[in-house]
């Protein structure tokens, strides 16, 4: 496959058509991928309509857009192409479905198992972006090697250790009533970790949830040693 991936705001429609109509060299097809193509389509609707009438037999045009009006002439031409064209509609994954996405992706892409609690922890650390979650799972799959299961320990070791340590520092300062130190440490987290805006809240949530679980266990009469063992 020969891939051409220009910027949507920099490429001319004639250049796109030239790429699509050029026979691929040492490849079965020539593919043109244009991301964020909404304005590109608006600016070149007429030429695209003509191309849809007679597309290149050896070229594949992929356009990603934020919206696709199905009542336009271009959309109707796409439908009329039948099996020669496909429209994929991808909706954003809701937050409560992200742990299930993590589990399914780890299993289908890498053959790795991951529990619901572990998947929830990964979402807390990595944030609500499915692409970022997939990237973190890819790294975890390499990290665990031949092991079949991704565990909480793996996530803490690869993703969460430093953030958890820094979060503890902020929480300790808050508990001690040292507002200046808490704010200073939090500011340092954002300055030294480019991903802190995605992960800081997750790290805090992880710690506070463990604290609340410990409190609930103690109120139910659990021994301190039992609580400590449960939270390790």
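The values are calculated or read from the model by the stated rules, or taken from the named source; none is laboratory data. Bear in mind that the values here come from a model prediction, so they are computed numbers and not experimental data. Cβ atoms come from the backbone with ideal geometry, glycine included; neighbour counts cover every protein chain shown.
Brief remarks follow.
- Qualifying residue in segment 63-74 (condition: closer than 30 Å to residue 150 by Cα, without any contact (Cβ under 8 Å) to a residue 60 or more places away in the chain and assigned to a loop (DSSP other than H, G, I, E, B)): no
- Considering the conditions (1) loosely packed, with under 13 Cβ neighbours inside 10 Å; (2) at pLDDT 80 or above; (3) in a helix (DSSP H, G or I), residue 146 is excluded by exactly one of them, (3).
- Residues that are surrounded by 14 or more Cβ atoms within 10 Å (Cβ to Cβ) and modelled with pLDDT of 70 or more within segment 185-205 comprise 185, 186, 188, 189, 204, 205, listed in sequence order.
- Criterion violated by residue 117 - all others in (1) modelled with pLDDT of 90 or more; (2) assigned to a helix (DSSP H, G or I); (3) more than 16 Å from the chain's Cα centre (by Cα) satisfied: (1)
- Cβ pairs under 9 Å, 6+ apart, first in segment 204-232 and under 16 Å from residue 120 (Cβ atoms), second modelled with pLDDT of 80 or more and in a helix (DSSP H, G or I): 206/121; 231/213; 231/214; 231/217
- Test: residue in segment 38-52 that is farther than 30 Å from residue 154 by Cβ, in contact with a strand residue (DSSP E or B) (Cβ under 7 Å, 6 or more places away or on another chain) and surrounded by 13 or more Cβ atoms within 10 Å (Cβ to Cβ): yes
- The residue of segment 44-57 that is modelled with the highest pLDDT, among those that are in contact with a helix residue (DSSP H, G or I) (Cβ under 9 Å, 6 or more places away or on another chain) and part of a loop (DSSP other than H, G, I, E, B), is 44.
- Residue in segment 78-87 that is free of Cβ contacts under 8 Å to residues at least 12 places away in the same chain and closer than 28 Å to residue 132 by Cβ present: yes
- Counting the residues of segment 97-114 that are closer than 24 Å to residue 204 by Cβ and not in a helix (DSSP H, G or I) gives 1.
- Within segment 29-46, residues that are in the same structural domain as residue 63 (by TED's automatic domain parsing) reach partners that are exposed (fewer than 14 other Cβ atoms within 10 Å of the Cβ) and assigned to a helix (DSSP H, G or I) with beta carbons closer than 9 Å, at six or more positions or on different chains, in the pairs 45/73.
- Residue list for segment 58-99, restricted to those being surrounded by 10 or more Cβ atoms within 10 Å (Cβ to Cβ), more than 19 Å from residue 12 (Cα to Cα) and either over 28 Å from the mean Cα position of the chain (by Cα) or at pLDDT 95 or above (or both): 58, 72, 73, 75, 76, 77, 78, 79, 80, 81, 84
- Within the set 115, 108, the sole residue that is surrounded by 14 or more Cβ atoms within 10 Å (Cβ to Cβ) and free of Cβ contacts under 8 Å to residues at least 40 places away in the same chain turns out to be 115.
- Flag for residue 178 being modelled with pLDDT of 80 or more and either more than 24 Å from residue 126 (Cβ to Cβ) or outside the structural domain of residue 159 (by TED's automatic domain parsing) (or both): yes
- Qualifying residue in segment 82-96 (condition: on the phi > 0 side of the Ramachandran plot and part of a helix (DSSP H, G or I)): yes
- Checked against the criterion of being touching a residue at least 12 places away in the same chain (Cβ under 8 Å), more than 30 Å from residue 11 (Cβ to Cβ) and part of a loop (DSSP other than H, G, I, E, B), the candidates 128, 140 yield just one match: 128.
- Members of segment 12-31 that are in contact with a strand residue (DSSP E or B) (Cβ under 8 Å, 6 or more places away or on another chain) and either modelled with pLDDT of 95 or more or in a helix (DSSP H, G or I) (or both): 16, 19, 20, 21
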